[in-house]
Amino acid sequence: MAIGALCGGLTYPAGDEENALYWEHNYYNDVRYRVASEGVIPAGHHVLLAEIEVDEEGKFGTGGTVTLRVDNVTVGTGRFEQHVAGYFTVNETFDARRVC
């Protein structure tokens with residue numbers, strides 16, 4: 001899944017050739033932050049979660065940590081130093097696809 005545009009956004013792909021889970025943030029097309037799962041995600045139905053905890057709640061642009069979970073089990077963690085200061089709206093793109 002992806003939301004955003006040229007100047008910023010988030011991707012949350014799963015099911016690549018490595019069977020890994022990723023969270024990626026594009027900060028104004030200048031810096032990309034990426035967190036990957038540490039192991040293989042087995043085939044089947046799962047609940048995928050990217051839990052984001054910012055350093056300063058309510059402050060736009062602050063850094064934070066990302067925890068990736070599969071079926072409520074932590075499979076990866078990482079850090080981002082800044083995020084796009086604002087919200088994505090309905091005029092931004094949102095894409096979801098299934099990799100076959």
May I ask you to evaluate 6.51 cos²θ - 1.76 cosθ + 1.60, the Karplus curve with θ = phi - 60°, for each residue of the stretch 24-37 and list the ³J(HN,Hα) values in order in whole Hz, giving x for glycine and proline?
9, 10, 9, 8, 6, 6, 10, 10, 10, 10, 9, 10, 10, 5
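What GluC sites (Glu not before Pro) does the stretch 29-70 have in DSSP loop regions with at most 13 other beta carbons within 10 Å?
Numbers: sites: Glu38, Glu51, Glu53, Glu56, Glu57; in loops: Glu38, Glu56, Glu57.
Sparse-neighbourhood loop GluC sites (Glu not before Pro): Glu38, Glu56, Glu57.
Coordinate-derived values only; no laboratory data. Note that the coordinates shown come from a computational prediction; the quantities given were computed from them, not determined experimentally. Heads up, the Cβs are rebuilt from the backbone with ideal geometry, glycines too, and the neighbour counts pull from every protein chain shown.
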